[in-house]
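Would you mind keeping the following structure in view while I ask a few things?
The values are calculated or read from the model by the stated rules, or taken from the named source; none is laboratory data. Model, not experiment: these values are computed from the prediction. Positions of Cβ are generated from backbone atoms using ideal geometry, with glycine treated the same way; all protein chains shown enter the neighbour counts.
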Amino acid sequence: DWKETLYERKFSKNLKIRAMYLSKLFIPLLRETPSDAKIKSHQLMLKTGMIKQSSSGIYSWLPLGFKIMKKIEQIVREEQNKIGAQELLMPTIQSAEIWKESGRYDDYGEEMLRIKDRQGKEMLYGPTNEELITEIFRASVKSYKSLPQLLYHIQWKFRDELRPRFGVMRCKEFFMKDAYSFDLNDEEAKKSYNKMFFAYLNTFKRLGLTAIPMEADTGPIGGDLSHEFVILAETGESKIYSDKRIFDIDISKHNGEDDSINGLRKKYDEFYAVTDDKFKKEDFEKKVTKENQLVTKGIEVGHIFYFGDKYSKPLNCSVDLQDGKKVNVKMGSYGVGVSRLVGAIIEAKFNNSIMKWPESVSPFEIAIIPSLQKNDKSNYLKAEKIYNLLIKNNIDVLFDDTDEHLSAKFKKFDLIGIPYQIILGSKSTDDKFEFKEVNGKTETLPLEEIKNKLLNKKSLN
Ligand code: P5A
């Protein structure tokens, strides 16, 4: 087989990207749709080998899924950094002590996975980190001069959900970005809250999603101010009631300055938008005219909370004021479901059996799909030349070097969801190739033009 001789060339030396030959990619595609998967994201993720269930509500992330999740994580990180939040990393395992101090150890109930170490010390796998970050903060910060402060980490969480379902959407072990704000008073704390509100809108926009902040209940986190960020989807678990017009708010006119952010926050507050638990029929009917009423379902991709001194008080986290008095710091917490977002993006973008990842998180920028005949090496060599040229230009490309029929390859790529394809089939010539935008047009173009188009798109992302 002529391909055997090319074996050593199968790994690209460009370490900036992770271009690949499909035959070498660890991507266990399934032929059948798994019957226990009820929603399209769960089905697609299993079918394309993005994840594999290891036990109920617990998944391994395989290379394709992991690569996508890491891209999402990076966008979440960049938007946190932009508003001045600092990244740190807290452990997954926490001591029960601080949870007893805050009073949440008993409240949290069976959702908390409790464990004992060999000395019999009570530990737990963190479902969230309000207590731990407060403990870190109180140990080092003593003066009002150190405020405000925004800290975050991106770490695995564990919640022993009663009914884990829908794959990564509601599972036991999941990846979350959680941020915590520390301020001197309510007024300053609201500024931090609004900053995070702004960062979330930008984050979800970069992920190709329209996420709407909805007033929500605070549940076990606590406090009296809270917004769920929800994307519309029939399969979502949040029921939402809103004024349609909230979807048309343009965030691009707002920058990171305090005034601009507060202005944006005001715009959102003008429109009624609440989740189930905050819904009041009279309010809805009074505030939203019939034609603007939208009652539907959505997926919660983020949730922010302001709870003042709910944790700082029992955990005794205070700072000294100028006059020597002590005051408990005012705190908020802010979560993004990073692993849930992988499924949420699929729910939003997978239509008519065709997936198209937003360019910002696509596992590869483009796929090369040649028709390969056993007795004809020419297409393979052409495709490989394109592959090498794209890699040289730092374009992350997946080269389908398998022997399958073109139609079978197309079916496969409908699921993998790479937004662009170069097809070497009957319509390509020696120097022109089919360049296809998924769900868009197909043109026959010289390679140089294809390359430039891709480089242009890259610079926009
Ligand atoms: C905010 C950050 C908190 O835990 N404490 C720290 C606060 N909020 S939250 O709403 O409970 O969770 C934040 C986001 O995490 C995702 N999420 C989940 N994803 C997958 N499976 C789960 N079982 C799960 N639970 C929460 C959601 O996106 C949620 O908005």
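Of these, 410, 433, which one is free of Cβ contacts under 8 Å to residues at least 60 places away in the same chain, among the aromatic types (Phe, Trp, Tyr) and part of a helix (DSSP H, G or I)?
On the way: 433 fails: part of a helix (DSSP H, G or I).
Sole residue among the options that is free of Cβ contacts under 8 Å to residues at least 60 places away in the same chain, among the aromatic types (Phe, Trp, Tyr) and part of a helix (DSSP H, G or I): 410.
Same structure again: Quick check on region 134-148: of everything there that is within 16 Å of the ligand (Cβ to nearest atom) and not aliphatic (A, V, I, L, M), which residue is nearest to residue 308 (Cα to Cα)?
134
So residue 324 fits all but one of (1) outside any helix (DSSP H, G or I); (2) at pLDDT 95 or above; (3) surrounded by fewer than 22 Cβ atoms within 10 Å (Cβ to Cβ); what number is the exception?
(2)
Residues are listed down the side, and each one gets a yes or a no for (1) surrounded by fewer than 22 Cβ atoms within 10 Å (Cβ to Cβ); (2) acidic (Asp, Glu); (3) outside any helix (DSSP H, G or I):
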position: 214; (1), (2), (3): no, no, yes
position: 217; (1), (2), (3): yes, yes, yes
position: 223; (1), (2), (3): yes, no, yes
position: 234; (1), (2), (3): yes, yes, yes
position: 239; (1), (2), (3): yes, no, yes
position: 242; (1), (2), (3): no, no, yes
position: 247; (1), (2), (3): yes, no, no
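Something else: Within region 50-66, is even one residue closer than 21 Å to residue 22 by Cβ, in contact with a helix residue (DSSP H, G or I) (Cβ under 7 Å, 6 or more places away or on another chain) and in a loop (DSSP other than H, G, I, E, B)?
The answer is yes, given that some residue of region 50-66 is closer than 21 Å to residue 22 by Cβ, in contact with a helix residue (DSSP H, G or I) (Cβ under 7 Å, 6 or more places away or on another chain) and in a loop (DSSP other than H, G, I, E, B).
Further question on the same structure: Considering 368, 345, which residue is touching a Leu at 6+ places or on another chain (Cβ under 8 Å), of a type in the set (Val, Ile, Thr), closer than 23 Å to residue 209 by Cα and modelled with pLDDT of 95 or more?
Details: 368 fails: closer than 23 Å to residue 209 by Cα.
So the residue among 368, 345 that is touching a Leu at 6+ places or on another chain (Cβ under 8 Å), of a type in the set (Val, Ile, Thr), closer than 23 Å to residue 209 by Cα and modelled with pLDDT of 95 or more is 345.
Another question about this same structure. Return the pair list, or none, for Cβ contacts closer than 6 Å from residues in region 258-285 that are without any contact (Cβ under 8 Å) to a residue 40 or more places away in the chain to residues that are of a type in the set (A, V, I, L, M), at least 6 apart or on different chains.
267/249; 271/246; 272/288
Here's something else I'd like to know. Which condition breaks for residue 276 when tested against (1) in contact with a strand residue (DSSP E or B) (Cβ under 7 Å, 6 or more places away or on another chain); (2) closer than 27 Å to residue 139 by Cβ; (3) of a type in the set (D, E, K, R); (4) within 16 Å of the ligand (Cβ to nearest atom)?
All conditions pass for residue 276, except number (2).
Does region 326-333 include one or more residues that are within 16 Å of the ligand (Cβ to nearest atom), under 13 Å from residue 212 (Cβ atoms) and not polar (S, T, N, Q)?
No, because not a single residue in region 326-333 is within 16 Å of the ligand (Cβ to nearest atom), under 13 Å from residue 212 (Cβ atoms) and not polar (S, T, N, Q).
Select from region 413-430 the residues that are in a loop (DSSP other than H, G, I, E, B) and surrounded by 19 or more Cβ atoms within 10 Å (Cβ to Cβ) and list them in ascending order. Quick ask: steps written out before the conclusion?
From region 413-430, those in a loop (DSSP other than H, G, I, E, B) are 417-419, 425-430; that's our starting set.
Hits for region 413-430 are 417, 418, 419, 428.
Right, residue 167: within 16 Å of the ligand (Cβ to nearest atom) and without any contact (Cβ under 8 Å) to a residue 40 or more places away in the chain or not? Lay out the reasoning, then the answer.
On the way: within 16 Å of the ligand (Cβ to nearest atom): yes; without any contact (Cβ under 8 Å) to a residue 40 or more places away in the chain: no.
No: the conditions fail for residue 167.
Which of (1) more than 13 Å from the ligand (Cβ to nearest atom); (2) at pLDDT 95 or above; (3) under 17 Å from residue 295 (Cβ atoms) is the odd one out, the single condition residue 231 does not satisfy?
Checking residue 231 against (1) more than 13 Å from the ligand (Cβ to nearest atom); (2) at pLDDT 95 or above; (3) under 17 Å from residue 295 (Cβ atoms), the one that fails is (1).
If you don't mind, another one. Applying the selection to region 368-386, what residues are under 28 Å from residue 417 (Cβ atoms), polar (S, T, N, Q) and not in a strand (DSSP E or B)?
In the first step, residues of region 368-386 are kept if they are under 28 Å from residue 417 (Cβ atoms); the result is 368-373, 379-386.
Next, only the ones that are polar (S, T, N, Q) stay: 371, 373, 379.
Result: 371, 379.
Then there's this: Which one of these is near the ligand (Cβ under 10 Å from one of its atoms), under 24 Å from the mean Cα position of the chain (by Cα) and buried (at least 19 other Cβ atoms within 10 Å of the Cβ): 195, 172?
172
Looking at region 281-311, which of its residues are within 15 Å of the ligand (Cβ to nearest atom) and outside any strand (DSSP E or B)?
310, 311
Hey, can you tell me all the residues within region 11-49 that are in contact (Cβ under 8 Å) with a residue 12 or more places away in the chain, part of a helix (DSSP H, G or I) and closer than 24 Å to residue 344 by Cα?
Restricting attention to region 11-49, the residues satisfying the condition of being in contact (Cβ under 8 Å) with a residue 12 or more places away in the chain are 11-12, 14, 16-30, 33-34, 37-42, 44-49.
From what is left, the residues that are part of a helix (DSSP H, G or I) are 22-24, 40-42, 44-47.
Within region 11-49, 40, 41, 42, 44, 45, 46, 47 meet the criteria.
Being among the polar types (S, T, N, Q) and not in a helix (DSSP H, G or I) is the filter here; which residues of region 249-277 pass it? Give the steps one after another, and end with the answer.
Initial filter on region 249-277 (among the polar types (S, T, N, Q)): 252, 255, 260, 262, 275.
255, 275 - these are the residues of region 249-277 that are among the polar types (S, T, N, Q) and not in a helix (DSSP H, G or I).
State yes or no: is residue 151 within 24 Å of residue 81 (Cβ to Cβ), within 12 Å of the ligand (Cβ to nearest atom) and in contact with a helix residue (DSSP H, G or I) (Cβ under 7 Å, 6 or more places away or on another chain)? Quick ask: steps written out before the conclusion?
Details: within 24 Å of residue 81 (Cβ to Cβ): yes; within 12 Å of the ligand (Cβ to nearest atom): yes; in contact with a helix residue (DSSP H, G or I) (Cβ under 7 Å, 6 or more places away or on another chain): yes.
Yes; evaluated as a whole, the condition is true for this residue.
Scan region 355-378 and give yes if some residue there is more than 28 Å from residue 455 (Cα to Cα), among the basic types (Lys, Arg), surrounded by fewer than 22 Cβ atoms within 10 Å (Cβ to Cβ) and touching a residue at least 12 places away in the same chain (Cβ under 8 Å), otherwise no.
Step one: list which residues in region 355-378 are more than 28 Å from residue 455 (Cα to Cα), which gives 373-377.
Right, trim to among the basic types (Lys, Arg) and you get 374, 377.
Now narrow it down to the ones that are surrounded by fewer than 22 Cβ atoms within 10 Å (Cβ to Cβ): 374, 377.
In the following step, the residues that additionally are touching a residue at least 12 places away in the same chain (Cβ under 8 Å) were identified as 374, 377.
So far as region 355-378 goes, yes, one or more of its residues are more than 28 Å from residue 455 (Cα to Cα), among the basic types (Lys, Arg), surrounded by fewer than 22 Cβ atoms within 10 Å (Cβ to Cβ) and touching a residue at least 12 places away in the same chain (Cβ under 8 Å).
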